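Accompanying notes for the structure given below.
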Amino acid sequence: MSLATLTKPWAATSYGFLDASAKRELRRKMLKAVAVPGCQMPYASREVPMARGWGTGGLQVTLTLANPGSVIKVIDQGADDGVNAASIRRFVSSVSGAAQTWDTLDASIIQSRHRIPEEILRENQVLVLQVPDPEPLRDVESNISIARQMHADADYGKLWLTLYEQIVRKGRIMQGASYPALVNGRHVITPSPIPRWDVPKLHMSKHLTILSAGREKRIFAVPPFTRVEPLVFSDRPYLVEDHAGLTCQRSGLSGFFMNELPMDGGGSRFEVSDSNLGIKAIRRTEGEPDGIGDTWYRNGEYSA
Amino acid sequence: MSLETSSALQRAAPRLMADAPVLTMAGMSRAYGAVQALRAVDVSVYPGEVLGIVGESGSGKSTLLRMMNLEDTPDNGDYRLRLPARADRNLFELDRYERRMLRARHIGIVYQNPHLGLLMHHSSSGNVAERLLVAGERSFEVLRSKARVALDASEFPLARMDARPIELSGGMQQRVQLAKAIALEPSLLLLDEPTTGLDVSVQALVLDTLKRLQRERRITMVLVSHDLGVIRTMADRVMVMRHGAVVEQGLADQVFQDPQHPYTQQLVHAKL
Amino acid sequence: MAYVATRGGEKAIEQAERLFRQDLGTIDPDRVETIRRTMPYLIDRVMGEASLYSEELAALALAQTGGELSEAVLVLRAWRTTQPRIAIARPVQQSELLTQRRISAAFKDIPGGQILGPTLDYAHRVLATDVLEGRPYTPPMVDMADRPAPQRQPVLADWQRQQGLVKPAVPSEIAPEDIPDLTREPLLLPASRAHRLQSLARAETGGVLALGYSAMRGYGNAHPTVNELRLAEAEVVVRHPRGAQFSAGRVRVSQAEVTSKEKGGYLELGYAATFGWNEVKVIAAATLDLNSAEAPVGSAVHEEFYLYHTESVEASGFCIHFKLPHYVTFQSVLDAMRGAKARQASARAAEENQEESVP
């Protein structure tokens, strides 16, 4: 027996970039997050070769979950070819050997910034959401020590109060994306800034969602089949974005979340935000099998 | 002095004592460093009565009120509230969450300093609604109407119900605090120098409102003040505190007309 | 629309990176070595903020980022975090530091003496334009002192402790491997002192200066007097697996101790240290440490505020992330705004209708 047989050959970085101790910590914190749905778990959050705020939290989770058999999809604003999405997907694949895909149905891990794909996710898929600010109480309490106590006490009165006052002032709730939601009846989360359109997709879903904020060093999770209820008043219905009636000018799809593109001379045109769904629909118009899976929304109505 | 105290206690005539007390505190003691703020204080408050606690600053009266509001815990002492459908237990044994919920549902408080009781940059109606939200109300219309009713009962001008307390006068701020305190029809309303610092005329109006509310709703109140005039206007029964201990208590008329303890005599005569 | 969600995005980002790197040209060991040799204070600053002591790697980071400081620190930190921890060095004692500069503003003279060492403090800051005219600047030689200053210097605070001016030091009994490590665990608040000092040690110099300066200008409650400031070299003493302790090399360190007023019968001390020679940073950081105890929650000198906001990698990353597309969240805001406007418009129309119907 020699020293060489006892050790691995030297490499500049570990498999999947992160070293084993970092991955072990992340695995433990992910398990904790799954065990207490919606509760923010602090983690060390290592530096990665990417600037903070650019998906480093999601990246650390993906790097920990990925193996050579993984199939990785990364989207930014719904698009696989967004510059940062492409850069993250390339990096994950190069350090882990995981395959890359644009197709939601083929992916085993989907890392996303600001969107949940329109096709229904399955039991064997993990959604990793990049989170800039994990604290739903930030606007009512900027001190994180106090905010932590408020979570411990389930003290969400001030958060409800801001919603009450929005209705008083504007006649409706003005919260745009990152609409606060109560997970498993206990912890309020900010569901990363996904649009209101996407929040219902977290409720009682088959897939596991892990939300990770690298800069703020917090991880939280929505396990499969867990209640996720947006904070709403019993007599004021939850409003998703009014996109049900819009049609994508490229693919002809309608009833999905759209990007609005301002036009010269006024007016707007729309493109479906889930870019690969758009590609599949275009394929259909060209007479090929589209391969579109079941979608959470049908005819613009949430129906999953 | 101990003799005098015990005789004063015996003469605290039990006008309302037919009922069991709503609030019972026994053996309340608390030291802050070298200062003994409370020395084995016993208190009972009966349904529908107003108990006035009077004493100079440092007498322990505000400490006692903070304990009643579960903001602080004593070194020793037992505190019980008789509440519908709640097990009888020492409230200081409750955990943080239970305390917070109990406070939200069953105890109202008006502080001398409105900054302690109000979110100054939220709407007045919202301040009242927050209390209801914490207690679990989720209908916007119900929140709105209950806030309106509570503000109206506190004689707050409804045209300004969505103004922020920071924009309101001191008297109006106290009315918002009061509306917030009574919105859930609390079993106990605590008033900590509620009119101190207000103009005399405003003070009289706020006291009128408090008296009317007390008359109409039979709210059980504990009023802490250094001002004998305020206590005399409001209280059925009076407790005089000094150096963390109760030196005299009894029916308000009795204590004011025939004070037994030299300290009370001094207080009453200074006032007159 | 050209820079996101278009085909060819991958190509565009590759070319954008090439453009940046092409402007910097070839990076070879000579360039790295020149940076290392000629920019020691810049190297020190980067090593401090990266919390990685390697002049060569710091010079390389500066070379490949063209001196973009936040990028250089990020590159080093990302490299550092994957490296194994081989050993835990013995704590450095002040009295063992090989001290090159050591001053106190609290006393005219101190045991061991004031040692100015290398500094520009008393120089006239005149730009040497002659150099550009073709007249190279060669600094005059330093005159040798009659007797060299001792390598090691006593600790002023020790003298103050003997006099009963400063609280006796009570070093915590902790095994080396149990010392909290901010780079391997999250900062939780209230922060342990180890975490606070570690966080300040790797904080961004400009950020620490800004917040420390705010404390000095009266937004804090303690005005600093520099009790002792040192620029020194420290031996990195580690233990061989067989038990022997040995020095694995020397690192340049700065440390500052500031004091203000009496508290509980003793002078309060604020402390900070960092890799490299960076006086401004350690004085500002020690001032923040000094102010921490009584800082109001939410103020700029409260530890939650200054520790979070001086974290260089987090702050710069978040700042530049606003260049990323945000059109989904923006769309969501627009929708709520348009909804509210439509509601107000229809409410107005209803009112007007009502007025019209009144005879």
Exercise for the section: Would you check if there is a residue in region A:91-105 being of a type in the set (Val, Ile, Thr) and buried (at least 22 other Cβ atoms within 10 Å of the Cβ)? Expected result: yes
Practice task
Could you list, in sequence order, all residues of region B:18-57 that are free of Cβ contacts under 8 Å to residues at least 40 places away in the same chain and surrounded by fewer than 16 Cβ atoms within 10 Å (Cβ to Cβ)?
Solution key: B:Ala18, B:Asp19, B:Tyr32, B:Gly33, B:Ala34, B:Val35
Fill in the blank from the handout: Picked from region C:283-314 (must be surrounded by fewer than 20 Cβ atoms within 10 Å (Cβ to Cβ) and among the small types (Gly, Ala, Ser)), the residue farthest from the other protein chains (Cβ to nearest Cβ) is C:Ala293
Exercise for the section: Being acidic (Asp, Glu) and either under 17 Å from C:Tyr308 (Cβ atoms) or more than 12 Å from every other protein chain (Cβ to nearest Cβ) (or both) is the filter here, so list the residues in region C:179-199 that pass it. Expected result: C:Glu185
Problem - region A:101-129 residues that are closer than 21 Å to A:Ser192 by Cα and among the polar types (S, T, N, Q), paired with ones that are modelled with pLDDT of 95 or more and surrounded by fewer than 19 Cβ atoms within 10 Å (Cβ to Cβ) (beta carbon under 6 Å, 6 or more apart) - result: A:Ser108/A:Val71
Problem - Which numbered condition A:Phe233 misses (of (1) more than 14 Å from chain B (Cβ to nearest Cβ); (2) crowded, with 20+ Cβ neighbours inside 10 Å) - result: (1)
Handout entry: Residue that is touching a residue at least 24 places away in the same chain (Cβ under 8 Å), surrounded by fewer than 20 Cβ atoms within 10 Å (Cβ to Cβ), closer than 26 Å to A:Tyr297 by Cβ and under 24 Å from the mean Cα position of the chain (by Cα), where the choices are A:His203, A:His187
Key = A:His203
Practice task
Output yes when any residue across region C:315-338 is at pLDDT 90 or above, closer than 23 Å to C:Ala273 by Cα, at the interface with chain A (Cβ under 10 Å from one of its Cβ atoms) and in a helix (DSSP H, G or I), and no when none is.
Solution key: yes
Practice task
Could you pull out the residue among A:Ala85, A:Ala22 that is part of a helix (DSSP H, G or I), closer than 22 Å to A:Glu271 by Cβ and not charged (D, E, K, R)?
Solution key: A:Ala85
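Okay, residues lined up against (1) among the β-branched types (Val, Ile, Thr); (2) under 30 Å from A:Asn184 (Cα atoms):
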{"residue": "A:Ala11", "(1), (2)": "no, no"}
{"residue": "A:Leu18", "(1), (2)": "no, no"}
{"residue": "A:Arg27", "(1), (2)": "no, yes"}
{"residue": "A:Met30", "(1), (2)": "no, yes"}
{"residue": "A:Ser45", "(1), (2)": "no, yes"}
{"residue": "A:Gln60", "(1), (2)": "no, yes"}
{"residue": "A:Val71", "(1), (2)": "yes, yes"}
{"residue": "A:Val74", "(1), (2)": "yes, yes"}
Exercise for the section: List the number of the failed condition for A:His151; all other conditions in (1) at pLDDT 95 or above; (2) in the same structural domain as A:Val36 (by TED's automatic domain parsing) hold. Expected result: (2)
Practice task
Quick one: in region A:134-190, of everything that is assigned to a strand (DSSP E or B) and within 22 Å of C:Gln331 (Cα to Cα), which residue is farthest from the other protein chains (Cβ to nearest Cβ)?
Solution key: A:Ile189
Practice task
Restrict the check to region A:36-45 and report whether at least one residue is within 22 Å of C:Ala12 (Cβ to Cβ), in contact with a Leu (Cβ under 9 Å, 6 or more places away or on another chain) and not small (Gly, Ala, Ser).
Solution key: no
Handout entry: Number of the exception - A:Glu260 against (1) assigned to a loop (DSSP other than H, G, I, E, B); (2) in contact with a strand residue (DSSP E or B) (Cβ under 7 Å, 6 or more places away or on another chain)
Key = (1)
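For every residue, the table says whether it meets (1) within 14 Å of chain C (Cβ to nearest Cβ); (2) surrounded by 15 or more Cβ atoms within 10 Å (Cβ to Cβ); (3) without any contact (Cβ under 8 Å) to a residue 60 or more places away in the chain; (4) within 22 Å of A:Thr101 (Cα to Cα).
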residue: A:His243; (1), (2), (3), (4): yes, yes, yes, no
residue: A:Leu253; (1), (2), (3), (4): no, yes, yes, yes
residue: A:Leu261; (1), (2), (3), (4): yes, no, yes, no
residue: A:Gly266; (1), (2), (3), (4): no, no, yes, no
residue: A:Phe270; (1), (2), (3), (4): yes, yes, yes, no
residue: A:Asn276; (1), (2), (3), (4): yes, yes, no, yes
Practice task
Give region B:145-171 a look and list any residue that's surrounded by 20 or more Cβ atoms within 10 Å (Cβ to Cβ) and out of contact with any Asp or Glu (no Cβ under 8 Å at 6 or more places or on another chain), or say none.
Solution key: B:Ala147, B:Ala150, B:Leu151, B:Ser154, B:Phe156, B:Met161, B:Pro165, B:Leu168
Practice task
Only residues that are within 13 Å of chain C (Cβ to nearest Cβ), without any contact (Cβ under 8 Å) to a residue 24 or more places away in the chain and either buried (at least 18 other Cβ atoms within 10 Å of the Cβ) or not charged (D, E, K, R) (or both): list them for region A:2-53, please.
Solution key: A:Thr7, A:Trp10, A:Ala11, A:Ala12, A:Ser14, A:Ala20, A:Ser21, A:Glu25, A:Glu47, A:Ala51
Practice task
Run A:Gly58 past the list (1) over 15 Å from the mean Cα position of the chain (by Cα); (2) assigned to a helix (DSSP H, G or I); (3) more than 11 Å from chain C (Cβ to nearest Cβ); (4) not β-branched (Val, Ile, Thr) and report the number of the one that doesn't hold.
Solution key: (1)
Fill in the blank from the handout: When region C:13-69 is checked residue by residue, the ones that are surrounded by fewer than 20 Cβ atoms within 10 Å (Cβ to Cβ), in a helix (DSSP H, G or I), over 17 Å from the mean Cα position of the chain (by Cα) and aliphatic (A, V, I, L, M) are C:Ile13, C:Ala16, C:Leu19, C:Leu24
Handout entry: Single match in A:Asp235, A:Asp198 (criterion: closer than 30 Å to A:Ala51 by Cα and either not in a strand (DSSP E or B) or not assigned by TED's automatic domain parsing to the domain that holds A:Asp76 (or both))
Key = A:Asp198
Practice task
Inspect region C:106-115 for any residue being within 14 Å of another protein chain (Cβ to nearest Cβ) and among the polar types (S, T, N, Q) and give the result as yes or no.
Solution key: no
Problem - C:Ala78 being within 14 Å of another protein chain (Cβ to nearest Cβ), free of Cβ contacts under 8 Å to residues at least 24 places away in the same chain and closer than 23 Å to A:Ala12 by Cα - result: yes
Practice task
Considering every residue within region C:156-168, establish whether at least one is part of a loop (DSSP other than H, G, I, E, B) and within 30 Å of A:Arg28 (Cβ to Cβ).
Solution key: no
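Somewhere in region C:278-301, is a residue outside any helix (DSSP H, G or I) and within 24 Å of C:Asp121 (Cβ to Cβ)? Explain how you work it out, then say what you get.
Step one: of region C:278-301, the residues outside any helix (DSSP H, G or I) are C:278, C:293-301.
Filter once more, keeping what is within 24 Å of C:Asp121 (Cβ to Cβ): C:278.
Yes, region C:278-301 has at least one match.
The values are calculated or read from the model by the stated rules, or taken from the named source; none is laboratory data. Not measured: the values here are computed from a predicted model. Glycine also receives a Cβ, built like all others from the backbone with ideal geometry; neighbour counts cover every protein chain displayed.
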